[in-house]
Amino acid sequence: MADMQSLLTEKRVFKPEKEFAKAANWNKKKIAEYRKLGEKNPTRFWAQMAKEHVSWFSPWKKALDWKPPVAKWFVGAKTNVSYNCLDRHIEGENAWRRNKAAIIWEGEPGDSRVITYGQLHREVCQFANVLKSHGVKKSDRVVLYMPMVPEAAIAMLACTRIGATHSIVFGGFSSEALRDRIADAGAKMVVTADGGYRKGQAFGLKAHVDEALKGGRHPVERVLVVKRTGQKVKMKKGRDIWYHEEMLGASTHCPPAKLDAEHPLFILYTSGTTGKPKGILHTTGGYLTHVTTTTRAIFDLKEDDVYWCTADVGWITGHSYVVYGPLSCGATTVMYEGVPVHPGPDRWWELIAKWGVTIFYTAPTAIRTFIRLGDEHPERHDLSSLRLLGTVGEPINPEAWMWYHNVIGKKKCPIVDTWWQTETGGIMISALPGGVNTKPGSATLPFPGIHATVLDEDGQEVKPREGGLLAVRHPWPGMLRGIWGDKKRYRETYWGKWKNTYFPGDGAHRDRQGYFWIMGRIDDVMNISGHRIGTMEVESALVSHPDVAEAAVVGRPDEITGTAIVAFVTPTGKAKAGASFQGALKKHVTNEIGAIARPADIRFTTALPKTRSGKIMRRLLRNIASGEEPTGDTSTLEDFNVIATLKEGDE
Ligand code: WT7
């Protein structure tokens, strides 16, 4: 949770260190040159990046075909993501990378694996052949429901190798959420594991898949199961197969499919303002160009770096900056299976020391958790390998930024605060560590070639320090290509506010130096620990409980998670308000969506504050949930007594 007031008054400026700046992949001069080109001709800038950072089987005829709101990048070109992430690092002049660590994986119980580019290439080819042998073809959808194990990355890359479109469902989502996503994507196959480890316990995944596929009305033909925990699972004959058994006989030879630049790479579901999550579609060439370029420039990746992004592959950060970006750059990427505080509050710092991590990318919510746990934990470990730090997911409050800078970075590591979204595919606004001064709490400046600005409702640019809406004026290569199966929603959600301009849903302002300060979502989407949950989604989960008549959900500021979910619930006549009903409802939401959507508070009320036209007054509920006096206009409120009763329930 960023303290919005302090974001307006923050004055500190940090300059890149001389040594760092001198050695940076993108130095001041290069940045200035790219900014100039990117401003004048973003298409040409990105075409140059595509040539420099991506290997193509055949060139494009046109760098950008823009028929708003439909963008096609690198039209007619052919490439393959797994080729860029694997083959090009083990052939020709790069052949030495065959024995470089591609993935350093650490399991929560302490087991670990180091997988070289050569080995990863073999396993990906084998798994691609397994997919083929079970009938998966180009453009088929494969749902991955996985713990953070190397097989998750292997499955992703194997899909890209044959042109199957993956859709990862975060392992923390419930079987209900999984069922909806499988149906919406029309997936032919699910790749899962028996389970994974979290907080010292084995949790189940396969059992959730079974539950999601119950009743038989689904498009799934095969379920491939990775053995991770060894827990007992049921294997359905003719449908379920073990990964390790299939891999045994599989050939290691599988040429990468030559795919169109606009071939669907993956679908990733994210929350919106309705109850139904949106399947965000990303394609091949543009996405790869965006993530490879930004990984190299923003994280200043060098050959000998050990790069660790703590995100789960179930989120966009895991896609772009755990797997595709770093592997496409030929880097060593760390994957960690479990929670940050198991078995002790210093697990992450221990891992940094153990593997000699040089670049570390995490979320403000994690940083705030560690602040509270105490400095003695990071101080017990040798963090001197670190040279660059990153943050993503929500605005970072200056206090957390300073702690990250002082205690983790020992005042010598630049911090890149990166603003982007599931929809943008890659980073849009961020410092470049070799040549941009940083200010605690600001994501600084748009990446070259990104035309971000701050507008008012009418599409006019606002003055410095005036609040407005973040906007992007020109398409960029990693941009979403649509919402799976819903053209209209795509058009309306992202392109409906202004003409030919992208609306991300965030509030922002710029200071006099043009630095962006992101103020958070302005729609009915909450940001819980850096993850998006729609208020409507939680509301629909609540009202699907037979004893709930009506529900309204809002966020309130929370010191650790940024936002906490508060639900106002009107029970049906027979239900008894009280602790046990609260517990039952929290459990119900966990079952319907997943633990991230579990309300922190549930308050019972006989009525919700509504306008005369029947709209729930969320602003008012937000005030009450945060313990503030209701602000703003309440004249349209239908029943004034409601406020009094809501406040009474507020102990
Ligand atoms: C929303 C996107 C991008 C990967 C993680 C979240 C917020 C993200 C920042 C940042 C301020 C940020 C925005 C955005 N957000 N990064 N550096 N500063 N806000 O992806 O689930 O698609 O959520 O996260 O509100 O719209 P996501």
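The values are calculated or read from the model by the stated rules, or taken from the named source; none is laboratory data. Model, not experiment: these values are computed from the prediction. Backbone-built Cβ (ideal geometry, glycine too); neighbour counts: all protein chains shown. SASA here: full protein model, heavy atoms, side chains in, ligands and nucleic acids out. Shrake-Rupley method; radii C 1.70, N 1.55, O 1.52, S 1.80 Å.
At 0.36 nm per residue, minus the direct Cα-Cα distance, what do residue 231 and residue 245 gain on full extension? Give it in nm, one decimal, please.
Additional length available on full extension: 3.4 nm.
List the residues whose amide H sits under 5 Å from the amide H of residue 167, counting only those 5 or more places along or on another chain, with H placed 1.01 Å from N in the peptide plane.
It is 142, 143, 144, 267, by chain and number.
Find, among the GluC sites (Glu not before Pro) in the range 398-473, those assigned to loop by DSSP (not H, G, I, E, B) with at most 14 other beta-carbon atoms within 10 angstrom.
457, 466
Distance check, please: which entries in 30/258; 234/487; 78/237; 78/302 exceed 30 angstrom between their Cα atoms?
Correct reply: 30/258; 234/487; 78/237.
Could you calculate the FRET efficiency of residue 487 with residue 373 from 1/(1 + (r/R0)^6), where r is the beta carbon distance between them and R0 is 41 Å, rounded to 0.05?
Result of the calculation: an efficiency of 0.30.
Compute all pairwise cysteine Cβ distances in the chain, then list the cysteines with no distance under 4.7 Å to another cysteine.
85, 159, 309, 329, 413
Can you work out ³J(HN,Hα) from phi for every residue in the range 521-528, in order, using Karplus 6.51 cos²θ - 1.76 cosθ + 1.60 and θ = phi - 60°, giving whole Hz and x for Gly and Pro?
5, 10, 9, 8, 10, 9, 10, 9
Heavy atoms of the protein only, probe of 1.4 Å, neighbouring chains included. What is the accessible area of residue 198 in Å², nearest 10?
Looks like 120 Å² after rounding.
Under a point spin-label approximation (7 Å from Cα along Cα-to-Cβ), what is the residue 572-residue 133 distance to one decimal in nm?
Inter-label distance under the simple model: 5.1 nm.
Given 10 Å bins starting at zero, what is the percent of C-alpha pairs of the range 307-410 in each, up to the one with the largest pair distance?
15, 51, 31, 3
For a bin width of 10 Å, list the pair-distance distribution of the chain built from all Cα-Cα distances, rounded to whole %.
Bins of 10 Å from zero give 3, 16, 27, 28, 19, 7, 1, 0 percent of pairs.
Taking only the Cα atoms of the range 533-582, how large is their convex hull per residue, in Å³?
78 Å³
Rank these residues by their accessible area, most exposed first, probe 1.4 Å: 232, 576, 72.
232, 576, 72
Under a crude label model (7 Å from the Cα following the beta-carbon direction), how far is residue 15 from residue 579 in nanometres?
So the two model labels end up 5.9 nm from each other.
In the chain, with Lys and Arg counted as +1 and Asp and Glu as -1 at Cβ, which of these residues, 361, 80, 324, has the Cα nearest the positive end of the dipole, that is, farthest along it?
The one lying farthest along the dipole's positive direction is 80.
In a solvent-free Debye calculation with one equal scatterer on each Cα, what is log10 I(q)/I(0) for the range 20-120 at q = 0.10, 0.23 Å⁻¹, listed in the order of the q values?
Scattering profile of the range 20-120, log10 relative to I(0): -0.48, -1.12.
Taking N as the number of residues in the range 529-650, what is its alpha-carbon radius of gyration divided by 2.2 N^0.38 Å?
Against the compact-globule rule of thumb, the ratio is 1.01.
Report the gain in length on full extension from residue 457 to residue 51: 0.36 nm times residue separation, minus Cα-Cα distance, nm rounded to one decimal.
Full-extension gain reported as 142.4 nm.
What list of ³J(HN,Hα) couplings, whole Hz, do you get for the range 562-576 from phi and the Karplus terms 6.51, -1.76, 1.60, once you set θ to phi - 60° and write x for glycine and proline?
x, 10, 10, 8, 10, 10, 9, 10, 9, x, 5, x, 7, 6, 9
Leaving ligands and nucleic acids out of the surface, order 391, 252 by accessible area at 1.4 Å, largest first.
Correct descending sequence by accessible area is 252, 391.
Can you check how the C-alpha radius of gyration of the range 351-508 compares to 2.2 N^0.38 Å, as a plain ratio?
1.20
Taking the Cα centre of the range 529-650 as origin, sum charge times position over the Cβ atoms of Lys and Arg (+1) and Asp and Glu (-1), and report the length of that vector in debye to the nearest 20.
Charge dipole of the range 529-650: 220 debye, to the nearest 20.
Can you list the residues, at least 5 places off or on another chain, whose amide H is less than 5 Å from the amide H of residue 393, using H built in the peptide plane?
Long-range HN contacts for residue 393: 420.
For residue 617, which sequence-distant residues (separation of 5 or more, or a different chain) have an amide H within less than 5 Å of its own amide H, given hydrogens modelled in the peptide plane?
The answer is 610, 611.
Applying the Karplus parametrisation 6.51 cos²θ - 1.76 cosθ + 1.60 with θ = phi - 60° to the phi angles of the range 92-103, what ³J(HN,Hα) value in whole Hz is obtained for each residue in order, glycine and proline being reported as x?
Along the range 92-103, the couplings run x, 6, 8, 3, 4, 5, 3, 9, 8, 5, 8, 10 Hz.
Which value, in Å² rounded to 10, gives the accessible area of residue 598 with a 1.4 Å probe and all protein chains present?
My reading of the accessible area for residue 598 is about 120 Å².
With charges set only on the Cβ (+1 for Lys and Arg, -1 for Asp and Glu), what does the dipole of the chain come to about its Cα centre, in debye to the nearest 20?
That gives the chain a dipole magnitude of about 1900 debye.
Using only DSSP helix segments of four residues or longer, with each worth -39500 (n - 2.57), what per-residue ellipticity at 222 nm results for the chain after dividing by its residue count and rounding to 500?
Mean residue ellipticity at 222 nm (helix-derived): -8000 deg cm²/dmol.
Looking at the chain, send over the antiparallel percent of its DSSP beta bridges, to the nearest 5.
60 percent
Ratio of the range 123-218's C-alpha Rg to 2.2 N^0.38 Å, to two decimals?
Compactness ratio reported: 1.05.
Which whole-number percentage describes the relative contact order of the range 198-325, with Cα contacts under 8 Å and a sequence gap of 6 or more?
14 percent
So what's the convex hull volume per residue for the Cα atoms of the range 47-202, in Å³?
Value for the range 47-202: 153 Å³ per residue.
For the range 533-618, which GluC sites (Glu not before Pro) are both in a DSSP coil and crowded by at most 14 other Cβ atoms within 10 Å?
Those that pass, being in a loop and sparsely packed, are 559.
If you rank 87, 184, 304 by how much accessible surface each has, with a 1.4 Å probe, what is the order from largest down?
Ranking 87, 184, 304 by accessible area, largest first, yields 304, 184, 87.
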